[in-house]
Structure formats: structure tokens, C-alpha cells
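**Student:** Have a look at this one before I ask anything.
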Amino acid sequence: MTKDKKGRKKVHRKVIHGTTPEERFQEIHGMTIEEWNEQQLKAKTGMTPDERDEWYIKQVKSTTPFDFIKERYDTVTEDDIKLVKDLQLLGLKDGVINVLLDYVAIFSRIGMVHPLVKEMGVNWHKENILTVEKAIVFVREEHKKYEESLEKYY
């Protein structure tokens, strides 16, 4: 990538005028980052985002938390069993527990710390996140907030 006389970025002899990463991406690729991500998902999985969501919801609703933990970590410990039972006693359904465990597994850099997961479960219960669909929306909103906070620093 080079720059023109005014310091603007040039891609393959084309001056890019966008001021945000999203605008520059759209100028270069002719689509938004979201559209590009959807296209990549379709190419990799053969599913649209809606189809992927339906598949995911079916998976988390039809899998027990114990099976989910075993599939993710290859073993289920006594502490894992106690954690799941504590979350069930809070009133969280198995599908919601699976979304919570998946969220922790994907975004936690320190692993599944049981007291933290239990505290998150308590917060989800207080926030009335009692369905898989609400849990997914909550996780997406939290992830979006995280990405927006990163943008402030970069």
C-alpha cells in the first residue's frame, strides 16, 4: 500500500478516501465487513447466518451441559458437575447453561474458572436471561461492546 501526495492510502493505484476502517474496507471490497463475514461463513459452512443460528440453537438445546463440557474439554470433573448443578438450581435451563459455557470457553483467556462462571450465571438469572435466544442476543451484545471498546484504542 502506498500513499498519494496528500498522504491518503492508495490500493492498487486507487485512492481510498474512507476515514474509518469500515469505510475503507467497503471502498476496497465493495461490501461491508458484515457482508464479507456472511459470505465467508456461507463459503466455509454452506450455511447462512440464520441457518447457522438455527443449527446452534438446536445443538445447545439438545445437548446436556455435561456432554457439552466433555465434548469441549474431553473430561467432566466433580467440580464441573457441582457447577452445572448450581447453575440449574439458579433456574437456568440446560440450553442457557450451554450458551454460558460456550461463551466462557470462547472468550475467556484463563479458561473455565468455576466461581466466575457461577457468578456470571447468577448475573444472567438476575438479568432474566432464561432462554437460549436471549442468551445468544446477550452474548452478541457483550461481544459488540467489547469490539467497540477495542476500537477506541486502535
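**Student:** Roll a 1.4 Å probe over the protein heavy atoms and report the accessible area of Lys144 in Å², nearest 10.
**Tutor:** Using a 1.4 Å probe on the heavy atoms, I get roughly 120 Å².
**Student:** Right, here's the next one. What is segment 90-145 by shape, rounded, prolate or oblate, if you read a ≥ b ≥ c off the alpha carbon gyration tensor as root eigenvalues and call it rounded for a/c under 1.5, prolate for a/b larger than b/c, and oblate otherwise? Intermediate values should be presented prior to the final figure.
**Tutor:** Working: a/c = 1.62, a/b = 1.15, b/c = 1.41.
Oblate, because a/c is 1.5 or more while a/b does not exceed b/c.
**Student:** With unit charges on the beta carbons (Lys and Arg positive, Asp and Glu negative) and the dipole taken about the Cα centre of the chain, which residue among Ile57, Asn128, Leu150 sits farthest to the positive side?
**Tutor:** Selected residue: Leu150.
**Student:** Local charge sum around Gln39 (other residues, Cβ-Cβ under 15 Å, Lys/Arg +1, Asp/Glu -1)?
**Tutor:** Computed value for this residue: -2.
**Student:** Just the accessible area per residue of segment 67-154, please: how many Å² with a 1.4 Å probe?
**Tutor:** Heavy-atom SASA per residue in segment 67-154 reads 67 Å².
**Student:** Explain nothing, just the number: relative contact order of segment 26-101, from Cα pairs under 8 Å at least 6 residues apart, as a whole percent.
**Tutor:** 27
**Student:** Follow-up. Which distance in nm do the two modelled labels at Thr48 and Glu147 give, with both placed 7 Å along the Cα-to-Cβ direction?
**Tutor:** 2.0
**Student:** May I ask you to derive the FRET efficiency for Thr32 and Ala105 from their Cβ-Cβ distance with R0 = 30 Å, giving the value to the nearest 0.05?
**Tutor:** That pair, Thr32 with Ala105, gives E of 0.55.
**Student:** Could I ask something else about it? Keeping every protein chain in place, order Lys126, Lys61 by accessible area at 1.4 Å, biggest value first, i.e. largest first. Could you put the intermediate results ahead of the total?
**Tutor:** On the way: Lys126 155, Lys61 120 Å².
In descending accessible area the options line up as Lys126, Lys61.
**Student:** Roughly what percent of Cα-Cα pairs across the chain reach past 28 Å? Provide the component values of the computation, followed by the final result.
**Tutor:** On the way: 4537 of 11781 pairs.
Result: 39 percent of Cα pairs exceed 28 Å.
**Student:** Give the residue from Phe66, Asn98, Ser108 lying farthest towards the positive end of the charge dipole for the chain; charges sit on Cβ (+1 for Lys and Arg, -1 for Asp and Glu) and the dipole is referred to the Cα centre.
**Tutor:** Of the candidates, Ser108 comes out farthest on the positive side.
**Student:** Hand me the GluC sites (Glu not before Pro) from segment 59-134 located in a DSSP loop with no more than 12 other Cβ atoms within 10 Å, in residue order please.
**Tutor:** Listed in order of number, the matching sites are Glu127.
**Student:** What percent do you get for the relative contact order of the chain when only Cα pairs under 8 Å and 6+ apart count?
**Tutor:** Once normalised by length, the contact order is 14 percent.
**Student:** Using Cα pairs closer than 8 Å and at least 6 residues apart in sequence, work out the relative contact order for segment 66-154, in percent.
**Tutor:** Working: 57 pairs, mean separation 24.2, N = 89.
About 27 percent, as a whole number.
The values are calculated or read from the model by the stated rules, or taken from the named source; none is laboratory data. All of these numbers come straight from a predicted model, not from anything done at the bench. Cβ sites come from the backbone with ideal geometry, for glycine too, and all protein chains shown count toward neighbours. All accessible areas refer to the heavy atoms of the entire protein, side chains included, with ligands and DNA or RNA removed. Shrake-Rupley method; radii C 1.70, N 1.55, O 1.52, S 1.80 Å.
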